[in-house]
Amino acid sequence: MAVGGRVLQAAGVASAGRLARVHAWWEQEHVFGYGLILPAFVLIGCLVAYPFGMALYFSLSDYWVGSPGQFVGLGNYREILGNEVFRQTVANSFLFTAIALTGKTVLGVWLALLLARNLRGKRLLRGAVLLPWVIPTALSTLGWGWMFDSLYSVVNWTGIHLGLIAPPGPNWLGMPNYAMAAVIIVNIWRGLPFFAITVLAGLVSIPREYYEAAEVDGASSFGRFRYVTLPLLKPVLAVVILFSTIFTFNDFNIVYVLTRGGPVNTTHLFATYAYQIGLQGGNLGQGAAISLFMLPTLGLVVFFQLRYIRKE
Amino acid sequence: MSASVNRRHFLRASSIGAGVGLAWLAGGRAPAFAQKRELTFLSWNHFVPAADDELRKQAEAFAKQANCSVRVDTMAHLQMPAKIAAEAQSQAGHDMFRTASADTFLYESLLVSLDDVVDKLGKQGGGWYPFAAEMNQTKSGWKGVPWFWVSFPGTYNMAHFKKAGFEHPPKTWDELLRQGKVLKKQGNPVGIPISHCSDAHSTYWSVAWSNGAKVLEADGKTPGIVSDKTAQVIEWYKELFKDAMDPEVLSWDDAGNNRFILSGKGSWIHNPISPYNAALKEKMPIADDINHHNSPAGPAGTHSAPPILGIGIWKFSKNADLAKEFIQFLFRKENYDAWIVASNAFNHPPLRHLADHPIWAKNPKFAMLPKEAEFAHPRGWPGKPSDAVQRIDDNYVMADMVAKAIGGMPTKRAMEWCQDQIARAVKGQLKVG
């Protein structure tokens, strides 16, 4: 494929000298290949690796907005561990991720099974299901904010009129447990389409023959789900859960718009608390330490899940 | 046409494009067609939008006069701290910005000294109110020009009070508690936010000072929260929450109390006059029922912590002199007066002479507002304002302390928790200069 200067000369084409040599060098397989991936590499370097490196450096230094600090080692990490609000944030994040992820997995598989059926208007339905995923989160969360509003809550209004809730109804964003439930509900609502559509893609790739064979063997619908669908969905589910764990742990918009971490810090997640300390309070060092605190744990989760996926 | 030719053409074109782009970036300057002098100003989305319209109008007038262009960008007030921090960190962005809380202390070393402008304006305008001056006067000079402050009076529904048999709105916080109990039984509770919003702290400082409680000692460093006075304040909040308010105050954002009084349900809130202005603008009948009164007093007198806003100029700005001229232009009496009118008395002048404005007398519901200046303090008082005070406010620690106590935590334990959070905020105090 590569066309060098000598070949050009032999073919009677006049050599352009230096330019031709550059051409020849450029067209070598290994140079050209790396050349093609260079732009993507530079982009990742600038937009991912550099900020990550800076965040790591900030977390190890006494760095304030606009005033470079000194290296303090793990001082920031020790400081945040001693802070009760941070410890509460850690507990909130695990609770939030565990419940939201379970909800999304169960409901996502269920929704995917429904969407896989031959219903009328199937395409329209599949498109509509994606809406929560497509609408900008900040915008849809504002809508949820109104639904959970203390004065004008449509959730309470409906519940009261259906006789399900005793008036005046719960104060969704003002009581710790309800506030956590509210942010989890919105997170599940938003993340569900990602689960459902990805699982649906996995479902349609399962050959019909397996189901037919199972039916012949007398398997019930639950049996077919348990022994055919679920095992064959495992690799897809593992990838979706992996991605969703990371997204859910790092959620920011929903909590920031709905509760700003309140009431009494009971809905703060790593991202919202890091924002409060690092950007609003100007303590970039501690803010970075808060946001990077989960990195080793998440790294391990990713490592084991990827290993499991490769094995499967 | 072969694939290799396509590829080459593509690569050549993209390389040339990238090269030109990089050269432009490396040059670090805009191309010649964009080189007209442009002054940029970052401000907030004013709670009375007409005030922003007037500001832009004045910016245009200044641009014509100074033969430049002026761009006024506005954004939600809660997003401003992050935006300002990003500009400070990247040393790029707007030439000047609206400062709030202790921004001038937080960014002291990054802001242009404005001693000359402040001195000139102060002499012309009969002097600055001390609370407005303190918020901008750092150890290394004036790092902001006090722009305006926002009074924080009591706002009440006259019809609800009359129905409950009260002749007048509460003069003291204890009277508010007594009246609130009756008003809640009537179906019209009172409301003070106890949540992660700035109004929650505006009221807390006021209640605490009026009861002789402190957050920080006079040295500005020693936490002063654990005291009998604070315990009394917490007990007062607990009783008010239980007998005079609805639990919704635990979830309010800064607009929560506005919605509460405008809905017709609420009878009293502690807030700037924005709900009344909104009711007037939207021609809501409730505007007739809403009135204002001076912030309530306590055993230690009347004290309030109104939001105090200023204007700062970044050192990285290449238009610092132009920005100073623009600030002085905004403070011309005719311009400042027009701006007060546009805000319908929401913006209060930090200069004594500018406070003499017919708008306060025009509407009896505004008549008491200028008096609020007499008992206003910067947050952190009796200590000086500092970046530590801003961190205390940003982390809503007093609101959380009260909410914890309401949630069942023993008062002493809640105060100790708050004291720990305040100590952390102080520990992170930046070295001045």
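For region A:159-174, taking the residues that are in a loop (DSSP other than H, G, I, E, B) and more than 32 Å from the chain's Cα centre (by Cα), the one that is nearest to the other protein chains (Cβ to nearest Cβ) is identified as A:Pro168. Tallying residues that are at the interface with another protein chain (Cβ under 8 Å from one of its Cβ atoms) and either part of a helix (DSSP H, G or I) or of a type in the set (D, E, K, R) (or both) within region B:79-112 yields 9. Please verify whether B:Ala342 is surrounded by fewer than 19 Cβ atoms within 10 Å (Cβ to Cβ), more than 14 Å from every other protein chain (Cβ to nearest Cβ) and more than 30 Å from A:Pro176 (Cβ to Cβ), treating the condition exactly as stated. No: the conditions fail for B:Ala342. Just one of the listed residues (A:Ile184, A:Ile165, A:Ile188) is free of Cβ contacts under 8 Å to residues at least 24 places away in the same chain and touching a Gly at 6+ places or on another chain (Cβ under 8 Å), and it is A:Ile165. Within region A:91-124, the residues that satisfy the criterion of being within 14 Å of A:Leu192 (Cα to Cα) and of a type in the set (A, V, I, L, M, F, W, C) are A:Ile99, A:Ala100, A:Leu101, A:Val106, A:Leu107, A:Val109, A:Trp110, A:Leu111, A:Ala112, A:Leu113, A:Leu114, A:Leu115. Test B:Ala244 against the criterion of being touching a helix residue (DSSP H, G or I) at 6+ places or on another chain (Cβ under 6 Å) and within 14 Å of chain A (Cβ to nearest Cβ), and give yes or no. In short, no.
Residues in region B:372-428 that are more than 17 Å from B:Trp205 (Cβ to Cβ), of a type outside the set (Asp, Glu) and in contact with a strand residue (DSSP E or B) (Cβ under 9 Å, 6 or more places away or on another chain): B:Ala423, B:Gly428.
With the structure loaded, tell me whether A:Trp133 is of a type in the set (Phe, Trp, Tyr) and either within 14 Å of chain B (Cβ to nearest Cβ) or loosely packed, with under 14 Cβ neighbours inside 10 Å (or both) or whether it fails that test. Taking the combined requirement at face value, the residue does not satisfy it.
You will find that of A:Ile185, A:Ile246, A:Ile165, the residue that is in contact with a Ser or Thr (Cβ under 9 Å, 6 or more places away or on another chain) and of a type in the set (Val, Ile, Thr) is A:Ile165 and no other. If you check A:Thr245, A:Thr229 for being more than 12 Å from chain B (Cβ to nearest Cβ) and under 15 Å from the mean Cα position of the chain (by Cα), only one passes: A:Thr245.
Looking at B:Thr172, is it among the polar types (S, T, N, Q), in contact with a Pro (Cβ under 8 Å, 6 or more places away or on another chain) and surrounded by 22 or more Cβ atoms within 10 Å (Cβ to Cβ)? The answer is no for B:Thr172. Being free of Cβ contacts under 8 Å to residues at least 60 places away in the same chain and crowded, with 20+ Cβ neighbours inside 10 Å is a property that A:Asn156 has.
Matching residues to (1) at pLDDT 90 or above; (2) under 24 Å from A:Leu269 (Cβ atoms):
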site	(1), (2)
A:Ile197	yes, no
A:Leu203	yes, no
A:Pro207	yes, no
A:Ser221	no, no
A:Leu230	yes, no
A:Leu233	yes, no
A:Val239	no, yes
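Taking into account only those residues within region A:268-299 that are within 18 Å of the chain's Cα centre (by Cα) and polar (S, T, N, Q), which is nearest to the other protein chains (Cβ to nearest Cβ)? The extreme case among them is A:Thr272. For region B:366-382, residues that are part of a loop (DSSP other than H, G, I, E, B) and touching a residue at least 40 places away in the same chain (Cβ under 8 Å) total 7. Exactly one residue among B:Met398, B:Met409 is modelled with pLDDT under 95 and either within 14 Å of chain A (Cβ to nearest Cβ) or within 22 Å of the chain's Cα centre (by Cα) (or both), and that residue is B:Met409. Summed over region B:197-237, the residues that are within 14 Å of chain A (Cβ to nearest Cβ), more than 19 Å from B:Thr302 (Cα to Cα) and part of a helix (DSSP H, G or I) give a count of 1. Annotation note: of B:Ser101, B:Ser109, the sole residue that is modelled with pLDDT under 95, farther than 16 Å from B:Lys324 by Cβ and surrounded by fewer than 18 Cβ atoms within 10 Å (Cβ to Cβ) is B:Ser109.
The values are calculated or read from the model by the stated rules, or taken from the named source; none is laboratory data. Only a predicted model underlies this, so the values are computations on that prediction, with no experimental measurement involved. Cβ atoms come from the backbone with ideal geometry, glycine included; neighbour counts cover every protein chain shown.
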